[in-house]
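The values are calculated or read from the model by the stated rules, or taken from the named source; none is laboratory data. Given the structure is predicted, the values throughout are model-derived calculations rather than measurements. Virtual Cβ from ideal backbone geometry, glycine too; neighbours counted across all protein chains shown.
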Amino acid sequence: MSKLWIAKALAILVLVVLAAAALVPTVFAPKEGEQAPEWLTSYSKVWDKKINLGLDLQGGLMLQYRVEVEKAVSDKTDRLREDLRTRLERVDSPPKVATEREGLTTIYVTFEDPARVGVIDDAFMTNFPTLTRTDLGGGKIKLEMSEAEFERLQEHVVTEAIGTIRERVDGLGVAEPDIKKAGKSDIVIQLPGLGDEDFDTAKRLIGATAQLEFKLVAEDQINLFFSRYTNAPLPEGLTYSTEGGQPTVIGRDKKQLGAFFAEELKTHDKEGLLQVVFEEIVAYKDKRKEVRDEERSHWRAHLVNRKIELTGDAIDSAQVSLDNRTNKPYVSLNFTAEGGETFYQLTKAHKGKRFAIVLDDVLKSDPVINEPIPGGRAQITLGGYKSANDLYREANELTSVLQHGALLAPIHKQFETSVGPSLGADSVVKGQLALLIASGLVVLFMLVYYKGGGVIANLALALNVLFIMAGLTAVGATLTLPGIAGIVLTIGMAVDANVIIFERIREERRANKSPREAIKAGYDKALSAVLDANITTAIAGVVLMQYGTGPIRGFAVTLLLGIVSSVFTAVVVTRLVYDYLLDKSTSERLSI
């Protein structure tokens, strides 16, 4: 044998050994509840990658959310507007000026005295590098967020959302979650291996925005604001009430309340200093408070200052604690050093007032500040109208969300797909059966039709499947049901390459060429056809890989790996085997 043949054979042997070694953690993986043998534990220290099954094969949950980046942008603009007023107070006190946000990124500043417009000069604007200034005349200035900052903020919000969701999912114990960005503002989440009982918990944790804010209750404005609805007509479903000892408006639909007060604040709060938040009042059908009464449960409106005194970013840790007096759970908060000092100064400055603790525009607690609170600690007492089980569940989920951070913007679920473990197991069985039947029929056909050539093609086919599986392991891909379909398709494509080559060889033999000449000519002439067919298929696979999500990407991954592997085994491996046989045989016959 030539040195070139020996080098090729050794290279292929090395590839086969590496591929087989890569599959060891997958093949010998212990079953659920079993402990891995010592040798496998040691092996995993060197190589621990294994083929991951998609949620359609092992059961799980697939969700797609849209990040409401517009909310994050408008919040950013509101914070800039608040900072603008604060700085104007320092240089032009008292500033007789009105500020108003329009759209997502525009702030209008109107001075009562047009001569004072010069306060916002170039030096002043250095504090707002992301805003561009336009003087509209008449004491009015337009400040607008730059396009570059708008796009950067959008990208940042989605990236941070993916990171936060991944941390929350890790807390669920999902082994191989797949969380990816889709488009500009969509996020696709796959949670394979999740049981039916965990679906609701996962959806609640992922969807919780958890924008925790500490705000002062607008106590001096409450009576004036809500009393106008004493005799005024309200939309159907909303009612004026004095429950809780103060005037308010209640309703069963939180979205309706939110939409109503969004319009009311535009009319009665021109300066944008107030905000209406909502508290859930839960009613129960029996004294044990276990069966919720949907007909009597409702939402109550509360008036707070829009200014955020403190946010969840100032929280260092959160845990569930139990009140020894009431035997009810609450969330205990520990602030960072800076956050604790800010909290202390706030409670010191506003002694005797109520402090609203707001989570995603929902009032969780509004305790009275009896005295300054040092030490950087606080607590969230959850709604006392709920059952003990509901309180514990809410406390645990709130703690988990706070520990893993807040989303910078709300997210809205677009669709979900759930697959139970039993259905996933059934898909595995059917997928394996399809793969075995397809492989068996192909192997049988090649043996019957091409005889000795069929044996060589089937050897290449076995190596092809081995290389595909090892490739899936190496790239950390997830095997899905469409992925199995991609492997089945690849098996057909792999022997298709051999069929083209073998038919070329048979043509050369019919032209009375020797076995060695026929094989050389057959491979040389068939190579372009084999490459053309596989390259065009690979182009389609790349497009699916780039723009597809979930199962479509799974199909594309196996298809692309299969194309590379099948071309290699059909063209290189089989040719190497024929070269060996020709070197060892003097017969003029060729079994093909």
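Annotations for the structure displayed:
- For S528, the conditions (1) within 30 Å of G59 (Cβ to Cβ); (2) over 28 Å from the mean Cα position of the chain (by Cα) are fulfilled apart from (1).
- Output for the range 541-562, where each listed residue is in a helix (DSSP H, G or I), surrounded by fewer than 20 Cβ atoms within 10 Å (Cβ to Cβ) and out of contact with any Leu (no Cβ under 8 Å at 6 or more places or on another chain): V543, Q546, Y547
- Some residue of the range 285-299 being in the same structural domain as T347 (by TED's automatic domain parsing), touching a His at 6+ places or on another chain (Cβ under 9 Å) and more than 27 Å from T110 (Cβ to Cβ): no
- Check on S321, among the small types (G, A, S), modelled with pLDDT of 80 or more and within 33 Å of the chain's Cα centre (by Cα): yes
- Within the range 133-146, the presence of a residue that is modelled with pLDDT under 85 and surrounded by fewer than 18 Cβ atoms within 10 Å (Cβ to Cβ) is excluded.
- Failed criterion for F278 (all others in (1) modelled with pLDDT of 90 or more; (2) part of a helix (DSSP H, G or I) hold): (2)
- The number of residues in the range 207-232 being touching a residue at least 60 places away in the same chain (Cβ under 8 Å) and small (G, A, S) comes to 4.
- Every condition in (1) modelled with pLDDT of 85 or more; (2) more than 30 Å from the chain's Cα centre (by Cα) is met by G272 except one, and the failing one is (1).
- Any hit, the range 362-372, residues being acidic (D, E), in a loop (DSSP other than H, G, I, E, B) and in the same structural domain as D220 (by TED's automatic domain parsing): yes
- Residues being among the small types (G, A, S) and exposed (fewer than 15 other Cβ atoms within 10 Å of the Cβ) - total across the range 90-113: 2
Residue-by-condition table, conditions (1) aromatic (F, W, Y); (2) touching a residue at least 12 places away in the same chain (Cβ under 8 Å); (3) assigned to a loop (DSSP other than H, G, I, E, B):
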position	(1), (2), (3)
L234	no, yes, yes
T239	no, yes, no
I250	no, yes, no
F261	yes, yes, no
T267	no, no, no
K270	no, yes, yes
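- Residue match in the range 356-365 (condition: surrounded by 15 or more Cβ atoms within 10 Å (Cβ to Cβ), among the acidic types (D, E) and under 14 Å from F214 (Cα atoms)): yes
- Look at the range 367-393: where a residue is crowded, with 17+ Cβ neighbours inside 10 Å and at pLDDT below 80 and a partner is among the aromatic types (F, W, Y) and not in a loop (DSSP other than H, G, I, E, B), sitting 6+ places away or on another chain with Cβ atoms under 6 Å, you get G376/F335; T381/Y330.
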